[in-house]
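The values are calculated or read from the model by the stated rules, or taken from the named source; none is laboratory data. No experiment lies behind these values; they were computed from the predicted model shown. Quick reminder, even Gly has a Cβ in these numbers, built from the backbone with ideal geometry, and neighbours come from all protein chains shown. When the accessible area is computed, the model is the full protein with side chains, heavy atoms only, and any ligands, DNA or RNA have been set aside. Shrake-Rupley method; radii C 1.70, N 1.55, O 1.52, S 1.80 Å.
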Amino acid sequence: MKQQIVTKINGQQHVLQVSPRKTLLAMLREQLQLTGTKEGCGTGDCGACTVLLDGQPVNSCLVLGVEIDGREVITIEGLDNDGELHPVQEALVERGGMQCGFCTPGIALNGAALLQDNPDPDEAQIRRALAGNLCRCTGYVKIVEAIQEAARKWREKSATRTPAPEPADG
Amino acid sequence: MRSFEYLAPSTLQDALAALHQRENASVLAGGTDLILRLKRREQSPSTLVDIKRIEELDGLETGVHGLSIGAGVTMSRIEASAVVRQDYAGLHAGAATVGSAQIRNRATVVGNVCNATPCADTVPPLVVLQAQVRMSSQGGERRLPLEQLFTGPGTTVVRPDEIVVSVEVPLPEPGTGSAYARHSTRAAMDLAAAGVAVALTLEDDNETCRRAHIALGAVAPTPIRASQAEDILSGQALTPALVAEAARVASTEARPISDVRASAEFRQEIVRVLAARTIQAAAADAQRRQAMSRRSG
Ligand code: FES
Ligand code: FES
């Protein structure tokens, strides 16, 4: 039997009828036609299905649609800011951090969440954060470079928005 | 996935009533294991009772008596806790090793315990830190040392009408440190081929081991204690030779199987290497905690 859920997806409120056994991934792709979220393994290993659930990256293949009742989801379709790409997306394009593109939505969302937590990650931190996103094409080097580049842009952007406080010791 | 009824009660009472009334219900927490098993039809419950909306199960409480980890607390929250990092280093290491960032944002410590897979990364550290498990049912509450929870791979003494509401970890006494290390073929996203957790209490001289707890994961049907190795360390100065001997004995206490991840012989050898490292790491952690408490006291 279907159940009704109320949820915010990419900033927009939705009232949906969903069968409990449907994963969040299937619900996004089949019911909402948000096909930017990909299914790779379906078992939590590849990260192609990554979405942000209340701001945190999760594997949507291991979440039930009914579980997001009252919660908020961002998919790759909602990562940009009114058509302006997120710095991580921009850097992935510019730095060649994507080839076939299948892993890219997951990497972009997970990378964006990383910068939110840690605006200045080192390479080891980036690799650890992206350990759950498999890429069969790039060899990861360009992805890591792209995230580092995005982090620089991200810091510049936030610096212009809110002036950094003067360091106490001058 | 077969169909099922989905319930998301907001109180523990309602959740316990639902489990009591239904024949074939499963408790859903993070879902990173359960949803996988549903997909593979290894499990087909007629009802899922989602406990994530129950506020009283969502607490990670730290205090002078210890740590209380509610059933809703994820690996990420353990990883982010400064108190856990400071006083329960072995548990911190275990939680930080699990899966990927995406998995750690969903998977819970209590779920890791309840699934009872021999290779669960948080269980050996919780065992050496002498954790207790609190279970509730309509009939009341009970508490068990974590060590007594497991009956075999994937099986525990938790009854179908019970919910594990929290894991309680006493604050390690002064002079105690803990550590966890594991080996897997890949650095991340892989199950442990073997894991070793150690908690040591040092005497005031910072060298003599007063008490040692050693637990091994993934090398027996359930997580086990290496009690002979513990005895070797107790009351002795932690010389390199003694640590090596304790590690050798710990590896003989492992009862591993051969599977896709590693052969039995290799697992035994890994236990020896990891045990030596982990004993040393736990001693270093004990000295660090000792130094911190001297400074603040
Ligand atoms: S499809 Fe979800 S992790 Fe691979
Ligand atoms: S670009 Fe093809 S899988 Fe990553």
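Give me the inter-chain shielding for B:104-111: mean count of other chain Cβ atoms within 10 Å, whole number please.
Details: counts 4, 10, 9, 2, 0, 0, 0, 0.
For this peptide, the per-residue mean of nearby foreign Cβ atoms is 3.
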For a quick size check, give me the Cα extents of the range B:150-255 along its three principal axes, largest first, whole Å. 49, 32, 26
In bins 10 Å wide, starting from 0, what share of all Cα pairs of the range A:87-159 does each bin hold, as a percent? 23, 61, 15, 1
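Work out the FRET efficiency for B:Glu56 and B:Ala241 from their Cβ-Cβ distance, taking R0 = 60 Å, and round it to the nearest 0.05. The partial results should precede the final answer.
Values: r = 50 Å, r/R0 = 0.84.
Taking R0 as 60 Å, the efficiency between B:Glu56 and B:Ala241 is 0.75.
Treating the beta-carbon of each Lys and Arg as +1 and of each Asp and Glu as -1, no other charges, what is the dipole magnitude of the range B:5-50 about its Cα centre, to the nearest 20 debye?
220 debye
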Taking N as the number of residues in the range B:34-159, the ratio of its alpha carbon radius of gyration to 2.2 N^0.38 Å works out to 1.05
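If you place +1 on the Cβ of every Lys and Arg and -1 on the Cβ of every Asp and Glu, how big does the dipole about the Cα centre of the protein assembly as shown come out, in debye to the nearest 20?
On the way: 48 positive and 54 negative charges, 190 e Å.
Charge dipole of the protein assembly as shown: 920 debye, to the nearest 20.
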What nm value, rounded to one decimal, do you get for the distance between B:Ser3 and A:Glu39 when each label is placed 7 Å out toward the C-beta? 1.8 nm
So if we plug the beta-carbon distance of A:Gln99 and B:Gln130 into 1/(1 + (r/R0)^6) with R0 = 51 Å, what FRET efficiency do we get, rounded to 0.05? 0.50
Highest GNM mean-square fluctuation among A:Leu24, A:Leu64, A:Leu52, for chain A with Cα springs under 10 Å, belongs to A:Leu64
In terms of Cα to Cα distance under 21 Å, which lysines are near enough to B:Lys52, apart from those fewer than 8 places away along the same chain? A:Lys2, A:Lys8, A:Lys22, B:Lys39
Taking the Cα-to-Cβ direction at B:His20 and at B:Glu265 and moving 7 Å from each Cα, how far apart do the two end points lie in nm? 5.6 nm
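Can you tell me the length gained on complete extension of the stretch A:Val15 to A:Ala159, counting 0.36 nm per residue apart and subtracting the Cα distance? Can you show the working numbers first?
Values: separation 144, 0.36 × 144 = 51.84 nm, distance 3.81 nm.
The span from A:Val15 to A:Ala159 would gain 48.0 nm if fully extended.
Let's test the formula: R0 of 35 Å, r as the Cβ-Cβ distance of B:Arg288 and B:Thr155. What FRET efficiency results, to the nearest 0.05? The partial results should precede the final answer.
Values: r = 38 Å, r/R0 = 1.07.
For R0 = 35 Å, the calculated efficiency reads 0.40.
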A:Arg127 versus A:Gln3, label points 7 Å from Cα toward the beta carbon: distance in nm? 4.2 nm
Using the alpha carbon gyration tensor of the range B:5-50, what are the three equivalent-ellipsoid semi-axes (square root of 5 times each eigenvalue), largest first, in whole Å? 19, 12, 6
Need the C-alpha centroid separation for the range B:193-218 versus the range A:5-78, integer Å. 43 Å
Would you check the accessible area of B:Ser296, probe 1.4 Å, heavy atoms only, in square angstrom rounded to 10? 100 Å²
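So between A:Glu77 and A:Arg152, what do we pick up on full extension, going 0.36 nm a residue minus the alpha carbon distance? Working shown, then result.
Values: separation 75, 0.36 × 75 = 27.00 nm, distance 2.34 nm.
Fully extending the segment from A:Glu77 to A:Arg152 adds 24.7 nm.
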Sort out for me the Cα centre separation of the range B:234-297 from the range B:1-54, rounded to whole Å. 38 Å
Whole-angstrom Cα spans of the range A:2-102 along principal axes, big to small: 44, 30, 22
Magnitude of the Cβ-charge dipole of the range B:164-297, K/R +1 and D/E -1, about the Cα centre, nearest 20 debye? 340 debye
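Enter the mean number of other protein chain beta carbons within 10 Å of the beta carbon of each residue in A:58-70, as an integer. The partial results should precede the final answer.
On the way: counts 9, 9, 1, 4, 12, 6, 10, 1, 5, 10, 0, 4, 2.
Mean number of neighbouring Cβ atoms from other chains: 6.
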